[in-house]
Amino acid sequence: MLLSANHYPPCPDPSLTLGMSKHYDAQLLTILHQGDVNGLQVFKDGEWTSVDPLRNALVINVGNTLQIISNNKLKSVEHRVVTNSNCARTSVGFFIAPSDDSIIEPAKSVVGNAAVYRAFEFKEFLLHFFPNFHNNDLVMERFKLQA
């Protein structure tokens with residue numbers, strides 16, 4: 001498990017910088033408190049859509065590891081953070097992940113005879129994920145069973 005706090009100062013011209021570039025999360029789940037200032041966006045139907053903050057609410061993101069365990073029944077979401085021209089934004093994320101030596105594979109209860117991914121240790125996934133952080137298709141392809 002990992003806790004991350006991010007602070008994004010206001011930027012007079014938000015088009016000049018991103019708070020955090022587009023990415024997917026490697027872990028099982030991310031629990032995010034995004035504060036009261038807009039900034040989180042998800043990529044849906046070919047465009048970036050803001051996730052408006054709700055007071056005292058948490059955002060739950062499915063990560064790549066849970067996508068693999070669910071055999072693609074749950075999908076990881078591409079997201080980014082944009083800056084705000086007037087207000088600073090602080091968010092806190094709690095990342096839930098297996099231990100490095102955990103074996104990750106599609107759950108037998110959801111697979112039947114049609115597993116999409118092979119079994120692997122979580123540390124192998126992380127070693128491939130971080131150097132390829134911005135190419136999720138490449139990351140996920142490495143762990144698919146060959147047809």
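The values are calculated or read from the model by the stated rules, or taken from the named source; none is laboratory data. Bear in mind that the values here come from a model prediction, so they are computed numbers and not experimental data. Counting neighbours? That spans all protein chains shown, and the Cβs are built from the backbone with ideal geometry, glycine included.
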- Here, strands (runs of 3 or more DSSP E) confined to the range 31-77 with at least 2 residues that are under 22 Å from PHE130 (Cβ atoms) are 40-44, 59-62
- Filter result (free of Cβ contacts under 8 Å to residues at least 40 places away in the same chain and either within 12 Å of ILE104 (Cβ to Cβ) or of a type outside the set (D, E, K, R) (or both)) within the range 131-141: PRO131, ASN132, ASN135, LEU138
- Task: Give the residue that is surrounded by the most Cβ atoms within 10 Å (Cβ to Cβ), with candidates limited to residues of the range 95-147 that are assigned to a loop (DSSP other than H, G, I, E, B) and of a type in the set (Ser, Thr, Tyr).
- Result: SER102
- Item | Qualifying residues in the range 7-19 (those that are buried (at least 16 other Cβ atoms within 10 Å of the Cβ) and part of a strand (DSSP E or B)) - the one modelled with the lowest pLDDT | LEU18
- Task: Determine whether LEU58 is within 28 Å of CYS11 (Cβ to Cβ), modelled with pLDDT under 95, over 10 Å from the mean Cα position of the chain (by Cα) and of a type in the set (A, V, I, L, M, F, W, C).
- Result: no
